[in-house]
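Colleague: One structure, pasted below without further comment.
The values are calculated or read from the model by the stated rules, or taken from the named source; none is laboratory data. All figures in this text were calculated on a predicted structure; none of them were measured in a lab. Cβ placement follows ideal geometry from the backbone for every residue including glycine, while neighbour counts extend to all protein chains displayed. Surface accessibility is based on the protein's heavy atoms, side chains included, excluding ligands, DNA and RNA. Shrake-Rupley method; radii C 1.70, N 1.55, O 1.52, S 1.80 Å.
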Amino acid sequence: LHKVDQPYPNYISGKPAKTSSPKEKVKDVAYRVRNTNDIHVEQLSDLSIFLVIESQLNMLAQSSSSGQTSDSYRYRNMTAVHFTIDGQLNWKHIIPKRQISAQDLGNHCSYLFYSTDDQVNLIFLDNKNNYQNGQLKTDLDRLSMPRGLAKSDVTALVSIELETGQASRKTIDNPSSKNILYPTQCFVDYQKQEIMICAPNKKAVVFGTMKF
C-alpha cells in the first residue's frame, strides 16, 4: 500500500460567501464548504497504473432573509501519481490549478486525460495571465483563475514522461478566437490517436479533432 497525501484536507468550514445583492449583509448568509477529492485511475498500455487526484471544493451559501441560495464549485490542485507494473511508486507530481464554476454546469472546469506510449497528458483551461511566452510563470502562489471566456483563457497542457517523471507545462492554441475548449466535453479516440474537441461559445459550438 502507498500513501498519497491529498492536495487539500477534507473539511466543512470556510469564509462567508459574497452575496448577489449589495444590500444583503454577509452576516445574513449561512454557508457550507465541503472539500472532496475526485480520483481518476487508468491502466496504461504497459500495464502500469496512473492516477490523478483533483481537489474539488463546493460552497453553498443561503440567505436567511430571502431564502436564495448560491452554489459554486472550485477545482483546484491535481496530484498525478505513477505506479510501476509491480506496484512500486515511480513518481508523484503536484500540478497547481485554480478554477471556479458558479451557477453554471462547470463545463469549462476540471481536465481531460490521455496517454501515449511514453507520456501521460492533462489538458485544462487556465488564465492567460499565468503564462509568459506560452510557459508557466514561476509565482504559483498567485495563479489567476480562468473565467470561461476566450479572451481571458488559454488551454494548458501538462505532459509527464512515464519513465523519468519529468514534467512540462505550456499553452496550446484555442480552437478559435471566440471559442474555448471544454475538457470534460471532449472524447479521446486511441485507435485514431486523436481527440474529438468540443468548443462552444454563446452563439455556436465548434467541433474538431486534435492529433497526438
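Colleague: Report the residue count in region 127-158 for those that are on the phi > 0 side of the Ramachandran plot and open to solvent by 40 Å² or more (accessible area, probe 1.4 Å).
Modeller: Here is the first cut: in region 127-158, the residues on the phi > 0 side of the Ramachandran plot are 133-134, 148.
Of the ones still in play, those that are also open to solvent by 40 Å² or more (accessible area, probe 1.4 Å) are 133.
Within region 127-158, residues that are on the phi > 0 side of the Ramachandran plot and open to solvent by 40 Å² or more (accessible area, probe 1.4 Å) number 1.
Results for (1) under 28 Å from ASN58 (Cβ atoms); (2) free of Cβ contacts under 8 Å to residues at least 40 places away in the same chain; (3) touching a Lys or Arg at 6+ places or on another chain (Cβ under 9 Å), shown as yes or no for each residue.
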site: GLN103; (1), (2), (3): yes, yes, no
site: ASN107; (1), (2), (3): yes, no, no
site: ASP117; (1), (2), (3): no, no, no
site: ARG147; (1), (2), (3): yes, yes, no
site: LYS192; (1), (2), (3): no, yes, yes
site: ILE195; (1), (2), (3): no, no, yes
site: VAL206; (1), (2), (3): no, yes, yes
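Colleague: Right, here's the next one. For region 187-205, how many residues meet the condition of being within 20 Å of the chain's Cα centre (by Cα) and assigned to a loop (DSSP other than H, G, I, E, B)?
Modeller: Here the count works out to 1.
Let's see how each residue does on (1) at pLDDT 95 or above; (2) open to solvent by less than 30 Å² (accessible area, probe 1.4 Å); (3) outside any loop (DSSP other than H, G, I, E, B):
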residue: LYS15; (1), (2), (3): no, no, no
residue: PRO22; (1), (2), (3): no, no, no
residue: TYR31; (1), (2), (3): no, no, yes
residue: ILE39; (1), (2), (3): no, no, yes
residue: ASN58; (1), (2), (3): no, no, yes
residue: ALA61; (1), (2), (3): no, yes, yes
residue: GLY67; (1), (2), (3): no, no, no
residue: ARG76; (1), (2), (3): no, no, yes
residue: ASN90; (1), (2), (3): yes, no, yes
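Colleague: Of THR138, THR155, THR171, THR184, which residue is assigned to a helix (DSSP H, G or I) and of a type outside the set (Phe, Trp, Tyr)? It would help to see each step written out before you state the result.
Modeller: Values: THR138 fails: assigned to a helix (DSSP H, G or I); THR155 fails: assigned to a helix (DSSP H, G or I); THR171 fails: assigned to a helix (DSSP H, G or I).
Checking each option against the conditions leaves just THR184.
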